[in-house]
Amino acid sequence: MKQKVPQIIGVTANLDKPMAREHLSELLRLLEQHRARVLLERPRTMPLRRIAEKADMLIVLGGDGTILRTARELQGATTPILGINLGYLGFLTSIRSDELQIVTEQILRGDYQISVRHTLQASLWRRGREQQTHHALNDAVVSRAAYSRIVRLRVSIDDEWLTEYVCDGIICATATGSTAYSLSAGGPILLPTARACVLTPICPHVLSNRSVITGENSVLRCQVTSAAGDLLLTVDGQVQCPMQVGDEIVVRTGPRLVRLVMPKGHEYFDVLRQKLKWSGSHV
């Protein structure tokens, strides 16, 4: 089934990536050839949030971090996002730069699919007052800063006490983020359609501590009960908030949705096999 052919396309690029300017020039040339109207991100005069209000689609040149930045700056706008990978391991930007021309032409014919991704809402509470709230496409992480020692984190789900982790930190990941930091810390892989949160301790001192998957309506609370150094709440690797002993983060399924563009022929399990080097052969 064909999708809407985008007429107005927003474009943003991480120009610090190798060959980014060359690929950006190629993309702009392709869009001009197909007579698409282009809105190029210019932070001072044409920020992403303003582009999203006008564009039918956003094309992002960079890595997964660029996608995460884009999703954050959209502030809940559901403009579809197509990621072109100019980095290395990319689950959100699964389109290779050498596929730029063929994928662009597919998109401009309406030959693509939309993968709807759910988010997390993470709120930081201090002495009974909500300090700030952030939205995560990948994860919200409580972790020690450099040179800090272990922390103790008391965790409850739906007001039922789970345990107190003695660890280096904890990761609250979406299904999308299950293939990011959480996976590196030993967490499971969830399908992108799952409306769930993966709770994964970082280097727990009790080896039986394992990841826990919560339901889509669950409310997760994580309170710092002791720490011998500085702590941070990091959201999607984009936002960092200092934390103190006694602080609590409250995590639930967020109201925002992120819509990722997937061209035909790019399936999720194909990406997994490629990125994780699953050969399927006998050992």
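Some observations on this one:
- Selection status of VAL142, surrounded by 18 or more Cβ atoms within 10 Å (Cβ to Cβ), at pLDDT 95 or above and of a type outside the set (Ser, Thr, Tyr): yes
- The condition of being crowded, with 18+ Cβ neighbours inside 10 Å and either in contact with a helix residue (DSSP H, G or I) (Cβ under 8 Å, 6 or more places away or on another chain) or not in a loop (DSSP other than H, G, I, E, B) (or both) holds for only one of PRO201, PRO188, that being PRO201.
- Strands (runs of 3 or more DSSP E) lying entirely in region 61-146 (those with 1 or more residues that are without any contact (Cβ under 8 Å) to a residue 40 or more places away in the chain): 81-85, 129-136
- Counted residues, region 92-119 - those being in contact with a His (Cβ under 7 Å, 6 or more places away or on another chain) and within 28 Å of LEU220 (Cβ to Cβ): 1
- Taken over region 20-59, the criterion of being free of Cβ contacts under 8 Å to residues at least 24 places away in the same chain and part of a helix (DSSP H, G or I) is satisfied by ARG21, GLU22, SER25, LEU28, ARG29, GLU32, GLN33, ARG50.
- Of the residues ARG221, ARG195, ARG210, the single one that is under 15 Å from the mean Cα position of the chain (by Cα) and of a type outside the set (Asp, Glu) is ARG195.
- Residues satisfying the criterion are present in region 169-185 (criterion: outside any strand (DSSP E or B), without any contact (Cβ under 8 Å) to a residue 24 or more places away in the chain and not aliphatic (A, V, I, L, M)).
- Whichever residue in region 247-283 is farther than 23 Å from CYS197 by Cβ and among the small types (Gly, Ala, Ser) and, among such residues, is modelled with the highest pLDDT: GLY265
The values are calculated or read from the model by the stated rules, or taken from the named source; none is laboratory data. Everything quoted here is computed from the prediction, not taken from an experiment. In this analysis, Cβ positions are derived from the backbone assuming ideal geometry, glycine residues included, and neighbour counts consider all displayed protein chains.
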